[in-house]
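Just below is one structure, and these are the notes that go with it.
The values are calculated or read from the model by the stated rules, or taken from the named source; none is laboratory data. It should be emphasised that the depicted structure is a prediction, and the values quoted were computed from it without experimental measurement. Here Cβ is always computed from backbone atoms with ideal geometry, including for glycine, and neighbour counts include all displayed protein chains.
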Amino acid sequence: MSFDGGFRPRKPGAMNAFRRRSRRFRKNPFLAFLVDFVAIVGVALLLSVLIKAFLIRSFFIPSGSMSETLQINDRIIVNVLVPEVVPVQRGDVVVFQDPGGWLGVAASIEKPAIEELGDFVLGTFGITAPDSAEHLVKRVIGVGGDVITCCDADGRLMVNGVAIDESYIRDGANPSDIEFSITVPEGHLWVMGDNRGNSTDSRFHQDLPSKGFVSLDVVVGRAMLVSWPLENWSYLDNYSNTFDVLPKP
């Protein structure tokens, strides 16, 4: 008998060997469990990597610059579809990489290999966020083209000539103790912390090459909610009622 395409029937010996291996798995519960466990972990790892790469990431808050909105050690969930798919809007709380010179030079601490491995595995699954200290979290006050001025006669920030009511800033904090008037370049953001008296934000980096602006290229995503601890769980509002009424620049 001939077979088109060079197909050859499986030899009986190969089939028998396959059946023997299958019976061996069925007779050895531990081996079957081990195979299932490895498969489940592998699938979970793949899904975690895909989710982290394309949908969401988690970060821990290392400082009090965004209190009362965000507390130190809060864990936040970040939508990484922003800004590539969903545009950044005024009022968004964004996570971004250091634009250059904002964080200074951090001391390099060498960790044991087992700790490095643990950070990698837990970070991949989203259980920890070992690179949180390498990122910043601020609120977007202005986008490309906006003119932002501090301040009007009542001490309020002005965006495109309109004073804004910033109900999200920490109680007792002034909108800004530093006077400034800037125009945000296209493709950039002007960001400030909600705890204005304890936030080294765009205002304090105007002497750097970036002039205090944050390029969209270094934005990781928009913070959507606080997921941990449970008593701090909350959705992060972008206060559209404050910013949507502003005129175009």
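Among the residues of the range 208-249, the ones that are basic (Lys, Arg) and touching a Ser or Thr at 6+ places or on another chain (Cβ under 9 Å) come to 1 in all. Taking the listed residues Pro249, Pro185, the one that is under 17 Å from Val88 (Cβ atoms), without any contact (Cβ under 8 Å) to a residue 60 or more places away in the chain and either assigned by TED's automatic domain parsing to the domain that holds Asp92 or assigned to a loop (DSSP other than H, G, I, E, B) (or both) is Pro185, with no other qualifying.
With the structure loaded, tell me whether Leu208 is within 19 Å of Leu136 (Cα to Cα), in contact (Cβ under 8 Å) with a residue 60 or more places away in the chain and touching a helix residue (DSSP H, G or I) at 6+ places or on another chain (Cβ under 8 Å) or whether it fails that test. Against the criterion (within 19 Å of Leu136 (Cα to Cα), in contact (Cβ under 8 Å) with a residue 60 or more places away in the chain and touching a helix residue (DSSP H, G or I) at 6+ places or on another chain (Cβ under 8 Å)), Leu208 does not qualify. Scanning the range 206-220 for residues that are closer than 20 Å to Leu70 by Cα and under 19 Å from the mean Cα position of the chain (by Cα) turns up at least one hit. Note on the range 34-81: residues that are part of a loop (DSSP other than H, G, I, E, B), crowded, with 18+ Cβ neighbours inside 10 Å and at pLDDT below 90 total 1.
Results for (1) without any contact (Cβ under 8 Å) to a residue 60 or more places away in the chain; (2) surrounded by 12 or more Cβ atoms within 10 Å (Cβ to Cβ); (3) closer than 28 Å to Val80 by Cβ, shown as yes or no for each residue.
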residue: Asn174; (1), (2), (3): yes, yes, no
residue: Phe204; (1), (2), (3): yes, yes, yes
residue: Val226; (1), (2), (3): no, yes, yes
residue: Phe243; (1), (2), (3): no, yes, yes
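Arg90 passes every criterion in (1) surrounded by 16 or more Cβ atoms within 10 Å (Cβ to Cβ); (2) out of contact with any Phe, Trp or Tyr (no Cβ under 8 Å at 6 or more places or on another chain); (3) in a loop (DSSP other than H, G, I, E, B) apart from (2). If you filter the range 205-236 down to residues that are in a loop (DSSP other than H, G, I, E, B) and touching a strand residue (DSSP E or B) at 6+ places or on another chain (Cβ under 9 Å), you find that the one that is farthest from Gly144 (Cα to Cα) is Pro229.
Given the condition among the aliphatic types (A, V, I, L, M), under 26 Å from Leu216 (Cβ atoms) and at pLDDT below 95, answer yes or no: does some residue in the range 179-198 qualify? Among the residues of the range 179-198, not one is among the aliphatic types (A, V, I, L, M), under 26 Å from Leu216 (Cβ atoms) and at pLDDT below 95, which makes the answer no. Please work out if Leu246 is more than 23 Å from Ile76 (Cβ to Cβ), among the aliphatic types (A, V, I, L, M) and at pLDDT below 95. Yes, satisfied. If you filter the range 188-202 down to residues that are of a type in the set (S, T, N, Q) and part of a helix (DSSP H, G or I), you find that the one that is surrounded by the fewest Cβ atoms within 10 Å (Cβ to Cβ) is Asn198.
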